[in-house]
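A short write-up of the structure that comes next.
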Amino acid sequence: MKIRISLVICVVLLGFLGVCQGGNLRKNFYRNSCPQAEDIIKNKTQQHVSSNPDLPAKLLRMHFHDCFVRGCDASVLLSSTASNTAERDAIPNLSLAGFDVIDDIKAAVEAKCPKTVSCADILTLATRDAVSVQFNKPLWKVLTGRRDGTVSKSSEALINIPAPFFNFTQLKQSFASKGLTLHDLVVLTGAHTIGVGHCNLFSNRLYNFTGKGDQDPSLDPTYAAFLKTKCKSLSDTTTRVEMDPDSSSNFDSHYYPNLLQKKGLFQSDAALLTNEQSSDIASELVNQNKFFTEFAQSMKRMGAIGVLTGSHGEIRNKCSVVN
Ligand code: HEM
Ligand SMILES: *[C@@H]1O[C@H](CO)[C@@H](O)[C@H](O)[C@H]1NC(C)=O
Ligand SMILES: *[C@@H]1O[C@H](CO)[C@@H](O)[C@H](O)[C@H]1NC(C)=O
Ligand SMILES: *[C@@H]1O[C@H](CO)[C@@H](O)[C@H](O)[C@H]1NC(C)=O
Ligand SMILES: *[C@@H]1O[C@H](CO)[C@@H](O)[C@H](O)[C@H]1NC(C)=O
């Protein structure tokens, strides 16, 4: 009853403001149609994480890329075809990985409940479960009921995925275009507390920032010297470095103290300090409990971007191809 009332308030009072985006998603959508779905996904994800510690970062980034292109509709999982280059083969796909894991989870779910659980929900749940492994409990709640899209274009990934060279204005605009706030931007970028980045996406900051062989003054010089020992030249496109040095496999709030010490890896990280409001938010998020609470809320909002529900889209049989 309480839930129904708040839902009504949400829809009636706030819905038109877009505050309740994803209002068609529900808690435990598969309760009746596939009661084991969330457990199967969790068990499988945990198995995969135990043999591949990089997986939480891979899935978290994949989920972000999915949601920012055509909404969270698993379009990122579709393979290219003879006549179409898909999102996963677009330039910002560096280090996208985990496709095989999603396929494996999907197969396990299909074996129990054929044609019932969407790839979009599987990716969203598996992301949460992978990041949560280190905590032994779910770090945030995931609503379900997403359906799968049928279109995936590399050109749309190029347009919609923010680049590591973006300045503050561009980042804010990118998130706003998805219905996300400045606060969401600063909170969600905290995802860079896990995982790695390729040298060529930031080495201009080390070697040729303004085209005069110079260094980015907004990057801590000691940290820049360290990065130069890893990324030896502008042409290095293969070496990867931890985004949150020393704790890059731990999901924690260390991204923020690093950022505040001018040790954010990308220009897009450093850009968060160029605006007073966003740099204030970054200072608040140093507090880990605060970060976890806010991250949970922002992930819920990101996970609701442009979702297909009801009779829209389809439930894909295999995550890499449309039915
Ligand atoms: C604010 C704009 C953002 C930009 C410009 C950005 C850019 C990037 C870039 C360039 C990489 C490195 C890719 C590589 O070299 O392999 C990366 C990695 C990553 N990003 Fe972001 N990102 C942004 C926001 C986000 C968000 C919102 C999330 C998730 C909530 C996220 C999660 C990740 C993760 C987990 C990795 C590590 C991937 C790995 O270890 O393979 N990022 N990001
Ligand atoms: C998931 O794993 C737990 C613990 O190993 C087990 O008790 C449970 O039966 C598994 N559930 C499914 C649906 O596989
Ligand atoms: C990224 O796209 C290229 C083609 O542009 C493709 O060869 C490569 O396999 C893709 N990487 C991933 C991880 O899908
Ligand atoms: C951000 O980048 C855009 C596009 O390059 C540029 O037009 C704008 O002036 C930049 N904004 C700031 C504040 O540097
Ligand atoms: C640095 O950038 C300038 C201007 O884009 C370019 O002419 C020069 O070749 C670059 N230097 C290196 C080492 O790539």
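The values are calculated or read from the model by the stated rules, or taken from the named source; none is laboratory data. The structure displayed is predicted, hence computed values, not measured ones. Note that each Cβ is placed from the backbone with ideal geometry, even for glycine, and that neighbours are counted across all protein chains shown. We work out accessible area using only protein heavy atoms, side chains counted, and drop any ligands, DNA or RNA first. Shrake-Rupley method; radii C 1.70, N 1.55, O 1.52, S 1.80 Å.
Summary table
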read-out: Matching residues in region 271-293 - criterion: being open to solvent by 30 Å² or more (accessible area, probe 1.4 Å), assigned to a helix (DSSP H, G or I) and not small (Gly, Ala, Ser); value: Leu273, Glu276, Gln277, Asp280, Glu284, Gln288, Asn289, Lys290, Phe292, Thr293
read-out: Positions within region 31-50 being farther than 14 Å from Asp104 by Cα and assigned to a helix (DSSP H, G or I), in sequence order; value: Glu38, Asp39, Ser50
read-out: Residue in region 156-170 that is away from ligand 4 (no atom under 16 Å from the Cβ) and exposed (fewer than 15 other Cβ atoms within 10 Å of the Cβ) present; value: no
read-out: Filtered residue count, region 67-100, keeping only those that are within 13 Å of ligand 3 (Cβ to nearest atom) and part of a helix (DSSP H, G or I); value: 10
read-out: Residue pairs meeting the criteria (Cβ under 6 Å; at least 6 apart or on separate chains; first assigned by TED's automatic domain parsing to the domain that holds Asp236 and at pLDDT 95 or above, in region 184-210; second within 16 Å of ligand 2 (Cβ to nearest atom) and of a type in the set (Lys, Arg)); value: none
read-out: Of residues in region 195-232 being more than 16 Å from ligand 1 (Cβ to nearest atom) and under 30 Å from Asn52 (Cβ atoms), the one most open to solvent (accessible area, probe 1.4 Å); value: Lys232
read-out: Long-range neighbours under 6 Å by Cβ, at least six apart or interchain, first residue modelled with pLDDT of 95 or more within region 78-106, second within 16 Å of ligand 2 (Cβ to nearest atom); value: Val101/His48; Ile105/Ile41; Ile105/Lys44; Ile105/Ile122; Ile105/Ala126; Lys106/Ile122
read-out: Any hit, region 136-155, residues being within 16 Å of ligand 3 (Cβ to nearest atom), on the phi < 0 side of the Ramachandran plot and not in a loop (DSSP other than H, G, I, E, B); value: yes
read-out: Filter result (of a type in the set (Val, Ile, Thr) and in contact with a His (Cβ under 9 Å, 6 or more places away or on another chain)) within region 195-247; value: Thr237, Thr238, Thr239, Val241
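Let's see how each residue does on (1) in contact with a Ser or Thr (Cβ under 6 Å, 6 or more places away or on another chain); (2) within 16 Å of ligand 3 (Cβ to nearest atom); (3) outside any loop (DSSP other than H, G, I, E, B):
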{"position": "Val187", "(1), (2), (3)": "yes, no, yes"}
{"position": "Lys212", "(1), (2), (3)": "no, no, no"}
{"position": "Leu219", "(1), (2), (3)": "no, no, no"}
{"position": "Thr222", "(1), (2), (3)": "no, no, yes"}
{"position": "Asn250", "(1), (2), (3)": "no, no, no"}
{"position": "Pro257", "(1), (2), (3)": "no, no, yes"}
